[in-house]
Each structure stands twice: as C-alpha cells, then as structure tokens.
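Undergrad: Have a look at the structure that comes next, please.
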Amino acid sequence: MTTENVGVDGETDTGVKLDSGIAVVAGSPADLATVPDGPTELQRSFKRLMIAIRRMRGRETHQHDGLSFAQLELLIVLSGRGAMAGRELAAAADLTPGTVTQMLDTLEAAGLVARRRSETDKRKQMTALTERGRELVARRYEQMDARFRSAVDDFTPNELTTAAAVLRRIADLMEGLRPDQ
C-alpha cells in the first residue's frame, strides 16, 4: 500500500493540495488502495495537530496585547480555577515552577495578576487575576472561541460529539504512556 505524506499546510508529497486535509479519490479501484484507513488517517491528523500546537507554543511572537501563548495559558488557568499557589499553577499549565515565577513577574508588572500570601499557609504565595486580567482573558477567549467555532461549523453536533470522544480517548492513551513504551 502506498500513501502520501501530508504536510502541515495540507499539501502532499506530490504537491496535490488536499481540501481540509481530506483526499478526494477519483479514478480506478486501484486508487482506493492508496487511501489510508481511518485509524491511520486519524494518527496523521493527530500528529499534524500536535505539530501545530508545538509551533504555536514555541513561537515567541506576542499578540497585540503583548502576551505569548504560554502567558495567556496561565491567565486562562487562573480564570477557570481562581487564586492558585505557584506550584499548583505550574502543574496545571504543564510548566516548571521557575518558568511560572518568571512569567508571573511579567504578568504582575503588566497589572494582569496580583500575588498575596495565603491566609491559611503563610509560606504560600497565591496568584489571582486582576480585573484587567479578567477582561483580557474574556476578550481573547471570545476571539479564540469565534475562530474555533468557525473552523468546526460544517460538522453536525453528532460528529462533534464523536470527535470529542475520540480526542478524550487519545488523551487518556497519551497520559498513560511511559517513556519506555
């Protein structure tokens, strides 16, 4: 069975542009042998998604509000969970505590977060969004949500529910893998 590699831009090795990443097969029944099966296509699409996310997170291009994607992720975590200690925030954002401390210094200087000592454990410093931080997260969420919804607009609710179930199962698989597997 021969298959073509599909690049992040949706282009195949032979230069054929795929519409939304889906190959349209035409010609003889022999051509059908070149179409990957469902799990293979899903693996390729998942790999493409992971590459896109890694590129997005790796870019130090800041948005017009001066935030990197990683800084925005911290603010989104705080928005959803409320005040958090640095180590908890680092774990939730999948970053090192040292990286989070540096990011929080920048975010605090920008007036987006405030830090204070925990009332129950004076050894801990709690971080929470300021009003300005909440407004920024709400504005950016609206922008991202509109783009996401536009990207999946063509799918039925049942298709989206199935896609969500597949993504949850893949996430469970990935979280269960060890480096030696």
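A short reminder: the numbers here are calculations on the coordinates, not readings from a lab. Just so we're clear, the structure is a prediction, and the values are computed from it rather than from any experiment. Because the Cβ atoms are built from the backbone with ideal geometry, glycine has one as well, and the counts that use them run over all protein chains shown.
Undergrad: Quick one: length gained pulling Glu131 to Gln43 fully straight, 0.36 nm per residue minus the C-alpha distance?
TA: Roughly 27.5 nm would be gained on extension.
Undergrad: Further, regarding this structure: Applying the Karplus parametrisation 6.51 cos²θ - 1.76 cosθ + 1.60 with θ = phi - 60° to the phi angles of region 40-55, what ³J(HN,Hα) value in whole Hz is obtained for each residue in order, glycine and proline being reported as x?
TA: Each residue's phi maps through the Karplus curve to give 5, 5, 5, 4, 5, 5, 5, 4, 4, 4, 4, 5, 4, 5, 4, 5 Hz.
Undergrad: Could you sort the peptides 38-47, 157-166, 80-89 by per-residue average Cβ neighbour count (10 Å cutoff), highest mean leading?
TA: Details: 38-47: 12.3, 157-166: 10.4, 80-89: 15.3.
The peptides rank, most packed first, as 80-89, 38-47, 157-166.
Undergrad: Another question about this same structure. From the P(r) of region 69-139, could you give the percentage of C-alpha pairs in the tail past 16 Å?
TA: Working: 967 of 2485 pairs.
Tail of P(r) above 16 Å: 39 percent of Cα pairs.
Undergrad: Looking only at region 84-108, which residues have a backbone nitrogen under 14 Å from a spot 7 Å from the Cα of Asp121 in the C-beta direction?
TA: 84-91
Undergrad: May I pose another question? Modelling each spin label as a point 7 Å along the Cα-to-Cβ direction, I'd like the Arg168/Ala83 distance in nm, to one decimal.
TA: Result: 3.3 nm between the two label points.
Undergrad: When ranked by the protection proxy of mean other Cβ atoms within 10 Å per residue, highest first, what sequence do the peptides 106-114, 121-129, 168-176 form? Walk me through the numbers before you get to the answer.
TA: Working: 106-114: 17.3, 121-129: 14.9, 168-176: 9.7.
With the highest mean Cβ count within 10 Å placed first, the list reads 106-114, 121-129, 168-176.
Undergrad: Using all Cα-Cα distances in region 40-181, what percent lands in each 10 angstrom bin from 0 up to the longest?
TA: In order of increasing distance, the bins hold 10, 32, 32, 21, 5, 0 percent.
Undergrad: Please compute the modelled spin-label separation between Thr101 and Arg55, points set 7 Å along Cα→Cβ, answer in nm with one decimal.
TA: Result: 3.5 nm between the two label points.
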